[in-house]
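What follows draws every value from the coordinates through simple rules; no lab data is involved. What you are looking at is a predicted structure, and each value in this text was computed from that prediction instead of being measured. Note that each Cβ is placed from the backbone with ideal geometry, even for glycine, and that neighbours are counted across all protein chains shown.
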Amino acid sequence: MKIFIKNMVCNRCIAAVENIFRNADVHVHTILLGEVETETDISPEKMQFIEKELLNTGFERIIDSAHQIVEKIKNLIIVKISEIDIPEDFLLSEFLSSKLHKDYSALSKTFSQNENITLEQFFILQKIEKVKELLLYNEFNLTEIAGKLGYKSVQHLSSQFRNTTGFTPTEFKKLKEHNRKALDNL
């Protein structure tokens, strides 16, 4: 049985969800970001327990197919950006179409209708959050960050960063309070 779960964005989320299923005494076959496949069907009572525990932990079961697609898209984008290895010629449309085996325009329409933001805007917001993270870690300079996240130039990254945050990357680094958002709140 496949169950789709909203707000799973990292390996800690996988561990938390796995623990919920273990506590419900439901054996998991595979667990990925946003998706759990169980070895057997789940009784209504156990499903009710799981759904309650998911909500208590900040997750939510997704039942309708449009929301399942949106969550898959979000997870694919989050994982892609977390790899910090996006080529300069990366095309979001080709990436998502190949991963989900669906036409990009349909994916884009479904995403926009359910999230009130375009796919491209979501992708940019995710990249900017990663830029913030990398700036705070001080592991890479801005040129390296631009290269790792697929920007054609530092100027392009800086312009997009300023348009999104209101600050240049340098101004952001100097702030005392760094307003980073949780990935599941974008």
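A few comments on the model shown:
- Projected label points at Cys10 and Ser153, each 7 Å from Cα along the beta carbon direction, are separated by 3.4 nanometres.
- For the pair Lys99 and Gln160, the difference between a 0.36 nm per residue extended length and the Cα-Cα distance amounts to 19.3 nm.
- The H on the amide N of Glu35, modeled in the peptide plane, is under 5 Å from the matching H of Ile5, each at least 5 residues off or on a different chain.
- Contact order relative to length of region 2-63, as percent, for alpha carbon pairs under 8 angstrom and 6 or more apart: 45 percent
- In order along region 113-118, phi translates into HN-Hα couplings of 5, 9, 10, 6, 7, 6 Hz, rounded to whole numbers, per the Karplus curve 6.51 cos²θ - 1.76 cosθ + 1.60 with θ = phi - 60° and x for Gly and Pro.
- Sorted on the mean count of surrounding Cβ atoms within 10 Å across their residues, most packed first, peptides 72-82, 10-20 read 72-82, 10-20.
- Loop-located GluC sites (Glu not before Pro) in region 85-164 (DSSP state other than H, G, I, E, B) with a sparse environment of at most 14 neighbouring Cβ atoms within 10 Å: Glu88, Glu139.
- Calculated over region 2-63: convex hull of Cα atoms, volume per residue (Å³): 68 Å³
- Our coupling estimate for region 138-148, obtained by passing each phi through the Karplus curve with A = 6.51, B = -1.76, C = 1.60 and θ = phi - 60°, is 6, 7, 10, 7, 4, 5, 5, 4, 4, x, 6 Hz, Gly and Pro reported as x.
- Residue pairs, from the table Lys109/Lys174; Lys152/Lys173; Lys2/Lys102; Lys99/Lys132; Lys46/Lys80; Lys2/Lys109, whose Cα atoms sit over 31 Å apart: Lys109/Lys174; Lys46/Lys80
- The antiparallel fraction among DSSP beta bridges confined to the chain stands at about 90%.
- Virtual spin-label span in nm between Glu60 and Thr143, 7 Å along Cα→Cβ: 4.5 nm
- Theoretical ellipticity at 222 nm over the chain - DSSP helices of four or more residues, -39500 (n - 2.57) apiece, nearest 500: -18000 deg cm²/dmol
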